[in-house]
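The structure appears below as C-alpha cells.
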Amino acid sequence: MRPGKTRFAPSPTGFIHLGNARTALFNRLAGERFLLRIEDTDRERCRTEYVAALIEDLQWLGIDWDEGPHSAAPDDYFQSRRQAIYDRYYACLEQAGSAYPCFCSPEELAQIRARQRAAGQPPRYPGTCARLSPEEVEARLARGLKSTLRFRVPPGRQITFDDLIRGPQAFRSDDIGDFIIRRADGTPAFLFCNAVDDALMAVTHVLRGEDHLANTPRQLLILEALRLTPPRYGHLPLILGDDGAPLSKRNGSRSIRELRQQGYLPLAVVNLLARLGHHYREEALLTLAELSEGFDLAAIGKSPARFDPQQLDYWQKQAVHAADDAILWDWLDEATRTLIPAPCRSEFLSLVRSNCLFPKEARHWAEILFGDAGKPDPDARRVLEQTPAEFFQAALEAARRHPEDYQAFVTELKTLTGVKGKRLFQPLRAALSGRLDGPELERLYRLPGPGRVQTRLARWITHRC
Ligand SMILES: Nc1ncnc2c1ncn2[C@@H]1O[C@H](COP(=O)(O)OP(=O)(O)OP(=O)(O)O)[C@@H](O)[C@H]1O
C-alpha cells in the first residue's frame, strides 16, 4: 500500500544539494500527500534567502507539495512561527516530570565530554541537573541563570522500530543520555520540533537520510511521553560526493542551483535522483508521474550511492532529446534566442535535440549558423587546405542554382566534380561550419540561408589558408 502522507523538512541553511533533493523526491514519489515544512529554528544558520532558494529549486525540479509554504495557512509550515505550540508541549513534559531545566554551561559540558572520552566512555550527559529540587531550580532562575530543557530518558528501556528500509532496529535507553529539547534562547531543538510537527501534521511515513538514524529512538521517546502518534521512519543511505564524503550544505557540494546554472534540465536531474538507490524496471526517461507510479519502498537499496556526473549527462542527453520546443526554447540563453530567425526556430531546435547537451553548445551552433562562421578549427582547416579551389567554385555554382534544395545541390556538385562520399562532405562541412563534426550537412546548408552559404563557399575559392 502507498504511504499516506510524507514530508520533506529541510533547514534553510544553504542551497539544497542532490542529497537533499533526492530525499525530497523520494518522499514526493512515495506518498499520496506530500508536505513541505521549513525547519528554520537555528537563528544563526537559517537565512530567508535560502528559504526562497529552496522553494525555487524544488519548484524547478517539479517537486510540488500538497501542504506547505503557499498553502492557505503558510505560517503553519515554518517552525520559527510555531513557538507557542512547542511551548505548550514543553509545559506538558515538565508537568509530567519528563523534562527538566539544565543549567550546565557549554564549557562545563565540554569538560565532561572530554573526561568521558579520556576514560574511553561514550560522551553522554551525566544527569547533573536531573535531580535538582524545585527550590534549587527556582533559586537559579531567580539569579537570572539561563537554562536549556532536557528530556528525561527513562532508564532500562529497549526502544524498537521497524525501519522502512533497514528493517528491525533496537536501541537501549541506557545508552542515551538526557538530551536537550529546548535551547537556552528558548528555541526548540531539532529532535523535539521535528518529531512533534510530524505527529501534529499527521505525517504517516518519513524518509530521511541515515544521518538521522540515531535521532529516531530519541524522537520515539518524546512522542511516547506526549502520547502523540509517531510516523514510520525509513533511513536512506547518504549520497556521497567525489571525495567519498556525504554531500552536505555545509560544504556547498553539488547544489541544485549550480546544476541548473550549468544548464541541466530538471527532468534529467530527477531521473538521475530517482535511480540513486532506487531500482526501476523501466530504463527509459520517465516523467514525474511515471516515476511516482513505479516507485516502491521495497526497491530502495541499503548501500550508499555515489553521485556520478556521467550518469547525469546520460539523463541530460535523454531529457534534451525528449524536450518539446517550448521547453528547449526557454532553456536556451537570451543571446542564442536573438540569433535565431523565427522561421528557423523549429528546425534549429531539432538540431539542438540531436547535437547538444547544454545551452552553451546550442549557442555555439547558433553563432556558426546565423552569425559569422568564424575561423575553422585545425582539423577543418587541414581539409580546406587540401581541397582545390575548383571544388568550391563548383560548389558555389551548384548552390546558386539550387539555393533551397539541398539534395539537388549535392547531386549537381557530384556531377560537376566527380567527387563523392567523405571527400565531398568533409570540405563542404568545413567550409559551412568550420568543423568536421556536428549537425547533418543538410541543416548546415539550409539553416544559414542561401546568402551565408554562398559567401562561405566563395571564401574558399580565393582565400587559401
Ligand atoms: N548527502 C546526503 N544524501 C542523502 N540525503 C541527505 C544528505 N545530506 C542530507 N540529507 C537529507 O536531506 C534532508 C534535509 O536535511 P538538511 O536540511 O539538514 O540538510 P543537510 O545537507 O544535512 O544540511 P547541513 O549541511 O546544514 O547539516 C534530511 O532528510 C537529510 O537526512
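The values are calculated or read from the model by the stated rules, or taken from the named source; none is laboratory data. All figures in this text were calculated on a predicted structure; none of them were measured in a lab. Every residue, glycine as well, gets a Cβ built from its backbone with ideal geometry; the counts of neighbours run over all protein chains shown. Calculation scope for accessible area: heavy atoms of the full protein, side chains included, ligands and nucleic acids excluded. Shrake-Rupley method; radii C 1.70, N 1.55, O 1.52, S 1.80 Å.
For this structure, a couple of remarks:
- Counting only helices (runs of 4 or more DSSP H) that fall entirely inside region 359-465 and contain at least 1 residues that are more than 30 Å from residue 260 (Cα to Cα) and modelled with pLDDT of 95 or more, the qualifying elements are 378-386, 389-401, 406-417, 422-433, 441-446, 449-462.
- Any hit, region 271-287, residues being buried (at least 16 other Cβ atoms within 10 Å of the Cβ), among the small types (Gly, Ala, Ser) and farther than 29 Å from residue 195 by Cβ: no
- Taking the conditions (1) buried (at least 17 other Cβ atoms within 10 Å of the Cβ); (2) within 15 Å of the ligand (Cβ to nearest atom); (3) not hydroxyl-bearing (Ser, Thr, Tyr) in turn, residue 308 satisfies each one other than (1).
- In region 240-259 there is at least one residue matching the filter, namely being under 30 Å from residue 325 (Cβ atoms), outside any strand (DSSP E or B) and open to solvent by less than 30 Å² (accessible area, probe 1.4 Å).
- Looking only at region 383-397, and only at residues there that are surrounded by fewer than 20 Cβ atoms within 10 Å (Cβ to Cβ) and of a type in the set (A, V, I, L, M), the one that is nearest to residue 454 (Cα to Cα): 389
- Boolean, residue 346 is surrounded by fewer than 19 Cβ atoms within 10 Å (Cβ to Cβ), part of a helix (DSSP H, G or I) and either among the polar types (S, T, N, Q) or in contact with a Gly (Cβ under 8 Å, 6 or more places away or on another chain) (or both): yes
- Selection over region 26-45 of residues that are open to solvent by 10 Å² or more (accessible area, probe 1.4 Å) and within 17 Å of the chain's Cα centre (by Cα) gives a count of 1.
- Residue list for region 1-10, restricted to those being crowded, with 20+ Cβ neighbours inside 10 Å and small (Gly, Ala, Ser): 9
Here's the yes/no breakdown for (1) touching a Cys at 6+ places or on another chain (Cβ under 6 Å); (2) farther than 13 Å from residue 17 by Cα; (3) away from the ligand (no atom under 12 Å from the Cβ); (4) at pLDDT below 95:
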| site | (1), (2), (3), (4) |
| --- | --- |
| 197 | no, yes, yes, no |
| 200 | no, yes, yes, no |
| 207 | no, yes, no, no |
| 219 | no, yes, yes, no |
| 222 | no, yes, yes, no |
| 237 | no, yes, no, yes |
| 252 | no, no, no, yes |
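- Condition met for residue 53 (modelled with pLDDT of 95 or more, within 18 Å of residue 205 (Cα to Cα) and among the hydrophobic types (A, V, I, L, M, F, W, C)): no
- Checklist (1) over 27 Å from residue 38 (Cβ atoms); (2) free of Cβ contacts under 8 Å to residues at least 40 places away in the same chain; (3) surrounded by 18 or more Cβ atoms within 10 Å (Cβ to Cβ); (4) not β-branched (Val, Ile, Thr) applied to residue 68, failing item: (1)
- With respect to the stated conditions, residue 117 fails to be over 30 Å from the mean Cα position of the chain (by Cα) and either buried (at least 16 other Cβ atoms within 10 Å of the Cβ) or assigned to a strand (DSSP E or B) (or both).
- Qualifying residue in region 47-55 (condition: farther than 28 Å from residue 298 by Cα, over 15 Å from the mean Cα position of the chain (by Cα) and near the ligand (Cβ under 10 Å from one of its atoms)): no
- Among the candidates 149, 109, 191, 145, the residue that is touching a Phe, Trp or Tyr at 6+ places or on another chain (Cβ under 7 Å), surrounded by 15 or more Cβ atoms within 10 Å (Cβ to Cβ) and not in a strand (DSSP E or B) is uniquely 191.
- Hits in region 23-44 (condition: within 10 Å of the ligand (Cβ to nearest atom), assigned to a helix (DSSP H, G or I) and of a type in the set (A, V, I, L, M)): 24
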